[in-house]
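We did not get these values from a lab; they are worked out from the coordinates using the rules stated. In this text the structure is predicted, and so the values were computed from the model without any measurement. No Cβ is skipped: glycine too gets one built from the backbone with ideal geometry, and neighbour counts run over all protein chains shown.
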Amino acid sequence: MEAVALVVCIAVVATIGIARDARRRAENSTFSTYDTGRNGYRALYEILGREGVPVTRFERPLGLLGGDAKTLVISDNGGAPPVSVPGRPSAEMRQLAAFVTRGGRLVALDPNLGGGDDALVGLPPTKKTAARTIATRAAANALTTGVAAVRGDFATGFSFQANAKGSKVPVTALLRTPDGLAAIAYPFGKGEVVAIVAPTVFSNAYLAQAQNARFAYNVLAAGGGTVAFDERVHGYAEDRTLWDALPAPARLAFWICVAVVVLALIEANVRFAPAIPVDPPDERDSSAYVSSMAALLRRARAARAAVERFADDAMRRARRRYGAGASDGIENVAPRIDRDEVRAALAHLDRLRAVERPDERTLVLAAQLNSRLRKDLA
């Protein structure tokens, strides 16, 4: 029953943990192709692959972006601008600008664009707007073919007069809300930049909308070649160690385990108090009985009675062995005994019986003589 109860408790705890983890993942869903939550891009990644668009997850520094990648997708990483994220050196931003200038395509999805080093790739700033859930097509072009309106969480937008920094060609409006432009595209060098202020447009929650899926396909498949999703901004990095990949609770649990092991080693090797004697076992052998009976007989001064018992036992065996009567004494039995040592032992026991106050030595001698006669007279 205890084992069953333990298994049930473990199952309950595991179920609660899995449910809490699932809820936490749903609440903290990120715009990553690994994420299957509401905000994740897992559905987009699989749909593109199913439609024949070569896709890959890029988890290395931007300077190592392979030549086969024609489109790089950088999405919101949880509040900071996704392109010039804190900690990303300006050198990488210059490499990103060089990638676009050489003919690559950058697709940036974030509500807060245009800050920091975003200007290196010409991104204009966004402004806060009223919260909207629908953006309509702003202009008819290759990227908006078959798209009338898309759904998403629109809370910022570009100005209707937005211009790309460093580009002489005006931006092309793709999507708009009543408060501003929600998606724009503009050439940069030999490449192109597409900026969308609502990353949820491509998320698992909204990609089931046919026009959202159509818009995502138009934007990502337009450049040809491989579409690479930057997963480094979401914490997935090939150059990270296993320790770096562990979440903070797992690291804390590791150090707690180390502390427990250290305390256990100290407790096992350093004595802080006198040793506690081990209680004797409850089960006793025959020696305990013999010792207790000996103590009882000693206190009762029963040595003479014990000697008489040894002598009577030996005489009884001698009478039975040599056919004497029960009332015959040593003087009548001794002549019939055919062995001198047996006769002498019986006579010695008879003399010990006559001792008025036998000591322990006499008692032990009587016991030894009786033991020997028990074998000889068997």
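Data for the structure
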quantity: Nitroxide proxy distance, nm - points 7 Å out along Cα→Cβ at Phe160 and Ala139; calculated: 1.5
quantity: Neighbourhood net charge (9 Å Cβ-Cβ; Lys/Arg +1, Asp/Glu -1) for Ala345; calculated: 0
quantity: Lysine pairs within the chain, Cα separation less than 19 Å, 8 or more sequence positions apart or different chains; calculated: 4
quantity: Helix 360-376 vs. the chain, principal-axis angle (Cα, 0 to 90°, nearest 10); calculated: 90
quantity: Between helix 248-269 and the chain: long-axis angle, C-alpha atoms, 0 to 90°, nearest 10; calculated: 20
quantity: Additional length obtainable on full extension of the chain from Asp313 to Tyr34, 0.36 nm per residue less Cα span; calculated: 90.9 nm
quantity: Sparse-neighbour loop sites [trypsin sites (Lys or Arg not before Pro); region 259-301; at most 11 other C-beta within 10 Å; DSSP]; calculated: Arg271, Arg284, Arg301
quantity: Mean Cβ neighbour count within 10 Å, used as a protection proxy, ranking 159-165, 291-297 highest first; calculated: 159-165, 291-297
quantity: Built amide H within the under 5 Å cut-off of Val55, gap 5+; calculated: Val227
quantity: Distance (nanometres) between label positions extended 7 Å along Cα→Cβ at Asn332 and Arg57; calculated: 11.1
quantity: Taking the chain and dividing mean pair separation by its residue count, relative contact order in percent (alpha carbons under 8 Å, at least six apart); calculated: 16
quantity: Charge-dipole axis of the chain as Lys and Arg at +1 and Asp and Glu at -1 on Cβ define it, positive-most pick from Ala288, Ala216, Gly116; calculated: Ala288
quantity: Theoretical FRET efficiency, 1/(1+(r/R0)^6), r = Cβ-Cβ of Ala306 and Ile276, R0 45 Å, to 0.05; calculated: 0.60
quantity: Of (i) 4, 16, 18, 10, 6, 5, 4, 4, 4, 4, 7, 8, 6, 2, 0; (ii) 4, 17, 20, 16, 14, 12, 10, 5, 1, 0; (iii) 5, 24, 34, 24, 11, 2, 0, the label for P(r) over Cα pairs in 10 Å bins from 0, in percent derived from the coordinates; calculated: (i)
quantity: Computed over region 286-376: relative contact order in percent, which uses C-alpha pairs under 8 Å that are six or more apart; calculated: 38
quantity: Net charge dipole size for the chain [Lys, Arg +1 and Asp, Glu -1 on Cβ; Debye, nearest 20]; calculated: 380
quantity: Gained length - Cys9 relative to Asp350, 0.36 nm times residue gap less alpha-carbon distance; calculated: 115.1 nm
